[in-house]
Amino acid sequence: MKAVVVEGLGEVSVLSIALLDAPIPGPEDVLIKTWASGLNAADLMQRRGHYPPPPGASPLLGLEVSGIIEEVGPEALKKGLKVGDPVMALLSGGGYAEKVLVRYDQVMKLPKSMDLVEAGGVAEAFLTAYLELIWLGKLSRGQKLLIHAGASGVGTAAIQIAKAQGAEIFVTASSEEKLKFCQELGAQHLINYKTQDFVQVIAEKTGDQGVDCILDLVGAVHFPGNLKVLGIEGKLLLVGMGGGAKSDIDLRPVVSKRLQILGSTLRARSLDEKGRLIQEFWADAATRFEQGEYRPVINKIYPAVEVREAHEYMESRANIGKILLKWV
């Protein structure tokens, strides 16, 4: 099979296409013929040597795919999966390849209405957003949520999930075009962080009460401001570090407002835990995708052989939503 390999660490020049042996499924596994692979910030970090795969995971890049099941292990067959099923899957690695191997409970069957290529941009973004907002943030109707990087893949998924929960949604982004798109998805309060101070805007719009929850996909650059805008017993859900990994902390608001700072990753969680997350998310989300309430936001689709160009585009931060590699 063809796959993207990383020869060394660094810029996009370390990426190339190689021929590798296809993985062999075990009893609980399915082998998927990949249609599309989603790009994620973790891929860029791994390429540079800053985010190695967890123990036992494939060394190849790629945390999510869509495709058609090509082989099914006997235990996976008992779970209702069969050859020919269109699916999308969450991976700990290995997604930049024509074929991927995954345990049966890391797979979601596609609704009939979902485009098989676009489905390659669902798993990592929506499951990360669901993990943060629902499992960790306990987001509920009427609560105020701030999403940094609202136009990113996870950000656009988070807006849709938060809207379904009935939350009041604030977003930051770097351009009016991105903010307008966030508004179309359901965000009510739009903040251009290049021209506005999100601390000031939120103070004005909430009467200095602040927000209940922050999903921060950026990192250190927003950290001091996050502590200021969180309300009493607010939660800071820290996922990304593209805006830096180190920041001074003023502990006074953490203590006086009884704040919770929750760092989290999805990739390193156990297969069992991710299996439970997928089952819970998909029990609710499958119908929402079928009815069009949820949708993958796809910005650009590159042929897999143009993986270098795809990484360069993602690093430009010009995208609204997901970037995909197409294999068929």
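Each reported figure results from applying straightforward, stated rules to the coordinates on display, with no laboratory input. These numbers come from a predicted model, not from an experiment. Here the Cβ is made from the backbone with ideal geometry for all residues, glycine too, and neighbour counts use every protein chain on show.
Taking the mean number of other Cβ atoms within 10 Å as a proxy for protection, how do you rank 282-289, 294-301, 63-70 from highest to lowest?
63-70, 294-301, 282-289
Between VAL83 and SER256, how high is the FRET efficiency from 1/(1 + (r/R0)^6) when r is the Cβ-Cβ distance and R₀ = 51 Å? Nearest 0.05.
Details: r = 59 Å, r/R0 = 1.15.
Working from the Cβ atoms, E equals 0.30.
How large is ³J(HN,Hα) for each residue in the stretch 34-45, as worked out from phi by the Karplus curve 6.51 cos²θ - 1.76 cosθ + 1.60 (θ = phi - 60°), to whole Hz, x for Gly and Pro?
Those phi angles translate into 6, 9, 8, 10, x, 8, 9, 4, 4, 5, 5, 5 Hz.
Can you classify the stretch 1-101 as rounded, prolate or oblate using the Cα gyration tensor, where a ≥ b ≥ c are the square roots of its eigenvalues, rounded means a/c under 1.5, and otherwise it's prolate if a/b beats b/c and oblate if not? Spell out each step's value before the answer.
Values: a/c = 2.24, a/b = 2.03, b/c = 1.10.
It comes out prolate by the Cα gyration axes.
Show the residues, 5+ positions off or on another chain, whose built amide H is closer than 5 Å to the amide H of VAL211.
Result for VAL211 returns LEU230, GLY231.
What is the Å³ per residue value for the convex hull set by the Cα atoms of the chain?
Numbers: hull volume 40.8 nm³, N = 328.
Expressed per residue, the convex hull around the Cα atoms of the chain is 125 Å³.
Would you kindly derive the ³J(HN,Hα) couplings of the stretch 14-20 from the backbone phi angles with the Karplus curve 6.51 cos²θ - 1.76 cosθ + 1.60 (θ = phi - 60°), listing them in order in whole Hz, with x for Gly and Pro?
Karplus-based 3J(HN,Hα) across the stretch 14-20 equals 7, 8, 7, 9, 9, 9, 10 Hz.
Which whole-percent values make up P(r) of the stretch 125-263 when all C-alpha to C-alpha distances are grouped in 5 Å steps starting at zero?
In order of increasing distance, the bins hold 2, 11, 23, 26, 23, 11, 3, 0 percent.
I need the chymotrypsin sites (Phe, Trp or Tyr not before Pro) found in the stretch 144-246, filtered to DSSP loop residues with at most 10 other beta carbons within 10 Å of theirs.
On the way: sites: PHE170, PHE181, TYR193, PHE198; in loops: TYR193.
Those that pass, being in a loop and sparsely packed, number zero.
If you take the charge dipole of the chain about its Cα centre, with +1 on Lys and Arg Cβ and -1 on Asp and Glu Cβ, which of LEU110, LEU277, LEU146 is farthest toward its positive end?
Looking along the dipole axis, the top candidate is LEU146.
Enumerate by residue number the GluC sites (Glu not before Pro) in the stretch 257-328 meeting two conditions: DSSP loop (anything except H, G, I, E, B), and at most 15 other Cβ atoms within 10 Å of the site's Cβ.
GLU293
Just in the stretch 110-172: which trypsin sites (Lys or Arg not before Pro) are loop by DSSP and have at most 14 other Cβ atoms within 10 Å? Spell out each step's value before the answer.
Details: sites: LYS112, LYS138, ARG141, LYS144, LYS163; in loops: LYS112, LYS138, ARG141.
Passing sites in the stretch 110-172 are LYS112, LYS138, ARG141.
Tell me which lysines have Cα within less than 20 Å of LYS178's Cα, excluding those fewer than 8 residues away on the same chain?
LYS163, LYS194, LYS300, LYS322
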